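The values are calculated or read from the model by the stated rules, or taken from the named source; none is laboratory data. Note that the coordinates shown come from a computational prediction; the quantities given were computed from them, not determined experimentally. A quick note on method: Cβ atoms are made from the backbone with ideal geometry, for glycine too, and the neighbour counts reach across all protein chains shown.
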Amino acid sequence: MYWKTKDENTFEKKDLIDFATKNGWTFVESSFFPVHRVKTWTLFEKNIFPLSSQGFDPHLNFVTSEFKNFPRWTQTGLHVLSFKTGWVSIVPGSDDSNEINGFVIISENRQELSVYHLWGE
């Protein structure tokens, strides 16, 4: 899901964490990724959020076609909020699972918001 507003500073981390918590997600951590790093998050020349059944990988230590399922609209530096959602994602062909599979990203100017959630097998 993606939202964009005309007004800067619309989306506040605290408000988003509170909303997610009230709806059953458990906040894990917040990280900031500068625009030069975010620009490397591409697959086949398309902007992506690097999330797969193996988890969120901001360093792109591996590339998987699963990344294509998570387009990225925001072009600025990003605040990434990570959550446990109560669901798990299973790495195909293994017994490995991932509990941290819900992510809220906010643009640097807090004008854009995206939500990514991956679960299942």
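What about ASN9, is it in contact with a Lys or Arg (Cβ under 9 Å, 6 or more places away or on another chain), among the polar types (S, T, N, Q) and either exposed (fewer than 14 other Cβ atoms within 10 Å of the Cβ) or without any contact (Cβ under 8 Å) to a residue 60 or more places away in the chain (or both)? Yes: the conditions hold for ASN9.
Residues in the range 103-121 that are of a type outside the set (A, V, I, L, M, F, W, C) and surrounded by 16 or more Cβ atoms within 10 Å (Cβ to Cβ): SER107, GLU108, ARG110, GLN111, GLU112, SER114, TYR116, HIS117. Applying a threshold of 6 Å to beta carbon distances and a minimum spacing of six or more residues, or different chains, the list of pairs starting in the range 101-121 at a residue that is farther than 23 Å from ILE90 by Cα and of a type in the set (D, E, K, R) and ending at one that is modelled with pLDDT under 95 and surrounded by 20 or more Cβ atoms within 10 Å (Cβ to Cβ) is empty.
The numbered conditions (1) of a type in the set (Val, Ile, Thr); (2) loosely packed, with under 14 Cβ neighbours inside 10 Å; (3) in contact with a strand residue (DSSP E or B) (Cβ under 9 Å, 6 or more places away or on another chain) are all true for VAL88 except (2).
Report yes if GLN54 is within 20 Å of THR5 (Cβ to Cβ) and either surrounded by fewer than 19 Cβ atoms within 10 Å (Cβ to Cβ) or in contact with a Pro (Cβ under 7 Å, 6 or more places away or on another chain) (or both), otherwise no. The answer is no for GLN54.
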